[in-house]
1. Order these peptides, 77-90, 161-174, by their mean beta-carbon neighbour count within 10 angstrom, highest first.
2. What does the charge add up to near residue 55, with Lys and Arg as +1, Asp and Glu as -1, over the other residues with Cβ less than 14 Å from its Cβ?
3. By its C-alpha gyration tensor, with a ≥ b ≥ c as the square roots of the eigenvalues, how is region 14-131 shaped: rounded for a/c under 1.5, else prolate for a/b larger than b/c, else oblate?
Amino acid sequence: MTSSQPAPSPLRGLILVIEDEPAIAELIRLNLAGSGFGVHLERDGETGLAAVSRWRPAAVILDVGLPGIDGVEVCRRLRAAQDWTPVLFVTARDDEVDRIVGLELGADDYVTKPFSPRELVARVASVLRRSQRVTDAPATLQVGSVRLDPAERRVHAGDREVALTATEFDLLAYLMRRPGRVFGREQLLSEVWGYSAVAGARTVDVHIAQVRAKLREASPIRTVRGVGYAVEAGRAPDEFGAR
Ligand code: CA
C-alpha cells in the first residue's frame, strides 16, 4: 500500500505522510488525494526523513509513535538540518502533545487520534496557506530591534537572524503590523491560523512563548493579562515572557 512514487503533478502540493498504521495511513491518503493533494506514504522515521530530502514535500504529516526513530526525533532532525518544511503531528495521546510543544520542535500544528479526516485536510490546507502566503504588505516591519521582512520571510533581532516556523512568523507579522493593538487568543486563532480550535488558546500561548524564546530580550510581545497579546516597542516582556 505504500506508494513508491508521489502523484506526478499534484494540484495542491505533495504531502508526505509518515504513519506506520496502514489503515490510518490509507485513510489520510484517500482524503488528501480526494482534496487534490499529491500523497507519498512512508511507514517509519528513517525512510520518512529520506523521503523529505528526496521529494521536497510541501508539508509533512508525521505520526509521533513510529518504529525506529519516532516522529519527535524525525522533526528534531529536520529542524537541526535547517529544514522548515511545515510539520503537522498526529498524536495518539494528549500527553504527547505536551511533549511535542514542550520540546519546541517547530511543529506547525497537531491533531490527536482519533481525528476527523476532514479536519486533518483542513489543517493541512491551513498550514500550507500560512507557509506559502504571499504577503500583502511587502515593506519591512520594525519594532524595537526586531526587523521582519515579509517578502523574504526573514526575521532579525538586531544583527542576529532568527529562524521561525511558518506559523511563528505569521503570528509575529500579524502583531507587528498592528502595533499597540491588543488581540485576544480567539482572534489570533481566527486571523493567523484561519480556524478556531477547541483547545486553541493553548496553541496561541505556546507559539507566543516560542517566538519570545527565539527573539529573547528583543521580543516586543506584551501579555495583557486577561485579554491577550500586543506588540509594543520599548516594552519588556512581562510575567509570561521571560524564559
Ligand atoms: Ca503509530
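1. Details: 77-90: 17.9, 161-174: 21.2.
Packing order, densest peptide first, comes out as 161-174, 77-90.
2. Values: positive: 54, 56; negative: 42, 83.
Net local charge, residue 55 excluded: 0.
3. Details: a/c = 1.26, a/b = 1.14, b/c = 1.10.
Rounded is the answer for region 14-131, as its axis ratio a/c remains below 1.5.
Read the figures in this text as sums done on the coordinates, not as results from a lab. Quantities reported herein were computed from a predicted structural model and do not represent experimental measurements. Every residue, glycine as well, gets a Cβ built from its backbone with ideal geometry; the counts of neighbours run over all protein chains shown.
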